[in-house]
Amino acid sequence: MKFAQIVLGLVAASAVLADTVSLSGDCQKAYAEYEECGKTEVEGFEKIYQSDKCQNYYKDPIATLAKCGDLDAETKDKLIADVKFSQAFNVLHTAKTEDGKACPLYRNKKVEKVKDTCASKSCTTASIEAYKLYVEGKKLNKNDATTIATYEEILKGLQECAPAGANNAANNSTSTVAGNSTDANAANANGNAAANNGTQVAVNGNGNQNAANNNANANSSDATTLKYTMALVFAAIYLLF
């Protein structure tokens, strides 16, 4: 019985790892400098999240993480997706119902929670913003169609009950980050420099160099991947006792 619980725990944790980007070198170091933007458990997190540093990071991660500009297209998409997931979680973490409670879709990502969310104007607006980010991130990550469909169903339900102006507000919050991946992929395809909100990101068009970068990314065992691997280990140990 214990063994079965451990296996189930590891499978669940592995699903989380599937959405995690693996970085190395200067790019990983640059990425680590913005980890505080997603540490919701830290006291005073709301102030950190609203800082110019974190808002610029979420608005345009590739331009902010200049050291990550020469990533291959797939890894760049995963990086942008990871940032979207972090921002979506932050949006729901900081949002509250009119009586100060956590929004229904904060930790319970089920279609059944849409109706409860619609009872709160502030939660509906925040949830639309968050679930647009989740959908965009899942698509960039090439998650399975069933998972994406579930998030799209939740988003559609929220939009149908949204107060006037809620959809426009969410569009303004997510449009910049949504465009970054498209611009970056087009730049890689053409071998030209990509422009993201006025910041030039150098993209290496040399096939051999890209192959080397791909191998480096595939074989790297960086701190980001190690952090989530340790989470798996601790989860297994917890289930043993």
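Which of the residues spanning segment 23-37 are in contact (Cβ under 8 Å) with a residue 60 or more places away in the chain and part of a helix (DSSP H, G or I)?
Selection gives GLY25, GLN28, TYR31, ALA32.
Hey, could you check segment 1-22 for residues that are farther than 25 Å from ALA102 by Cα and not in a helix (DSSP H, G or I) and say which is modelled with the lowest pLDDT?
ALA18
Could you check segment 131-166 and list, in sequence order, the residues that are within 19 Å of LYS115 (Cα to Cα), surrounded by 16 or more Cβ atoms within 10 Å (Cβ to Cβ) and modelled with pLDDT under 95?
ALA162, ALA166, listed by residue number.
Name the residues in segment 66-86 that are open to solvent by less than 10 Å² (accessible area, probe 1.4 Å) and closer than 21 Å to LYS139 by Cβ, would you?
Selection gives CYS68, LYS76, LEU79, ILE80, ALA81, VAL83, LYS84.
Taking GLU98 and the conditions (1) surrounded by fewer than 21 Cβ atoms within 10 Å (Cβ to Cβ); (2) part of a helix (DSSP H, G or I); (3) in contact (Cβ under 8 Å) with a residue 24 or more places away in the chain, which numbered condition does it fall short on, given that it satisfies the others?
Single failed check for GLU98: (2).
Based on what the data block shows, is ASN180 modelled with pLDDT under 95, under 23 Å from GLY38 (Cα atoms), surrounded by 15 or more Cβ atoms within 10 Å (Cβ to Cβ) and in contact with a helix residue (DSSP H, G or I) (Cβ under 8 Å, 6 or more places away or on another chain)?
Yes, satisfied.
Could you list, ordered by first residue, the pairs with Cβ atoms under 6 Å in which the first is in segment 148-163 and over 9 Å from TYR131 (Cα atoms) and the second is of a type outside the set (Gly, Ala, Ser) and open to solvent by 30 Å² or more (accessible area, probe 1.4 Å), at least 6 apart or interchain?
GLU153/VAL111; GLN159/ASN167; CYS161/CYS118; PRO163/LYS121
Exactly one condition in (1) touching a helix residue (DSSP H, G or I) at 6+ places or on another chain (Cβ under 8 Å); (2) part of a helix (DSSP H, G or I) is false for PRO104; which is it?
PRO104 satisfies all of (1) touching a helix residue (DSSP H, G or I) at 6+ places or on another chain (Cβ under 8 Å); (2) part of a helix (DSSP H, G or I) except (2).
Please specify each residue of segment 32-50 satisfying the condition of being of a type in the set (Gly, Ala, Ser) and surrounded by 13 or more Cβ atoms within 10 Å (Cβ to Cβ).
Matches in segment 32-50: ALA32, GLY38.
Just checking, which of ALA126, ALA119 is open to solvent by less than 70 Å² (accessible area, probe 1.4 Å), over 16 Å from LYS59 (Cα atoms) and either among the hydroxyl-bearing types (Ser, Thr, Tyr) or at pLDDT 95 or above (or both)?
From the options ALA126, ALA119, the qualifying one is ALA126.
Mind telling me which of the residues ALA88, ALA95 ends up being in contact with a Ser or Thr (Cβ under 7 Å, 6 or more places away or on another chain) and at pLDDT 95 or above?
Among ALA88, ALA95, only ALA95 is in contact with a Ser or Thr (Cβ under 7 Å, 6 or more places away or on another chain) and at pLDDT 95 or above.
ILE62 versus (1) modelled with pLDDT of 95 or more; (2) in a helix (DSSP H, G or I); (3) crowded, with 21+ Cβ neighbours inside 10 Å; (4) not polar (S, T, N, Q): which is the lone unmet condition?
(1)
The values are calculated or read from the model by the stated rules, or taken from the named source; none is laboratory data. Quick caveat: nothing in here was measured; it's all calculated off a predicted structure. So basically every Cβ, Gly included, is an ideal-geometry build from the backbone, and we count neighbours across all protein chains shown. To get the accessible areas, we keep the full protein, side chains included, count just its heavy atoms, and leave off ligands, DNA and RNA. Shrake-Rupley method; radii C 1.70, N 1.55, O 1.52, S 1.80 Å.
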